[in-house]
Amino acid sequence: MSHLFPFQPIYLASKSPRRAFLLEQIGVPFEVFLPVDEDEAEALEVEYPNELPLDYVQRVCALKVQHAAQSLAASGL
């Protein structure tokens, strides 16, 4: 499928096949960017007791962005 959007691929910090499928369907270029270590990836999404859903989503998103930024900087991208 050719990309409909004239920009560089976005980084998808999710292993969800559904998210990848949706991006493919609408033609958004993306690259999956996850920690290599599966335990590290799972640790980013740990749920805290009594954590509200909105707080969980905001915290996990911030952690994923922080991890991705550090990894990209370390790799020189």
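The values are calculated or read from the model by the stated rules, or taken from the named source; none is laboratory data. In this text, all values refer to a predicted model and were calculated from it rather than measured experimentally. When we count neighbours, we look across all protein chains shown, and the Cβ atoms used for this are built from the backbone with ideal geometry, even at glycine. Side chains are part of the model used for accessible areas, which takes the heavy atoms of the whole protein and leaves out ligands, DNA and RNA. Shrake-Rupley method; radii C 1.70, N 1.55, O 1.52, S 1.80 Å.
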Of all residues in region 1-60, which are within 21 Å of residue 72 (Cα to Cα), modelled with pLDDT under 85, in a loop (DSSP other than H, G, I, E, B) and among the hydrophobic types (A, V, I, L, M, F, W, C)? 7, 13, 33, 34, 36
Between a first residue in region 26-44 that is within 16 Å of residue 16 (Cα to Cα) and hydrophobic (A, V, I, L, M, F, W, C) and a second residue that is in a strand (DSSP E or B) and open to solvent by 60 Å² or more (accessible area, probe 1.4 Å), which pairs have beta carbons less than 6 Å apart while being 6 or more apart in sequence or on different chains? 30/10; 33/11
Taking region 20-41 and keeping residues under 20 Å from residue 69 (Cβ atoms) and charged (D, E, K, R) leaves 31, 37, 40
Test: residue in region 42-55 that is surrounded by 11 or more Cβ atoms within 10 Å (Cβ to Cβ) and in contact with a strand residue (DSSP E or B) (Cβ under 7 Å, 6 or more places away or on another chain): no
Of all residues in region 63-77, which are open to solvent by less than 80 Å² (accessible area, probe 1.4 Å) and either closer than 16 Å to residue 40 by Cβ or modelled with pLDDT of 95 or more (or both)? 63, 64, 67, 68, 69, 71, 72, 75
Of the conditions (1) under 23 Å from residue 9 (Cα atoms); (2) exposed (fewer than 10 other Cβ atoms within 10 Å of the Cβ), residue 33 clears all except one; give me its number. (2)
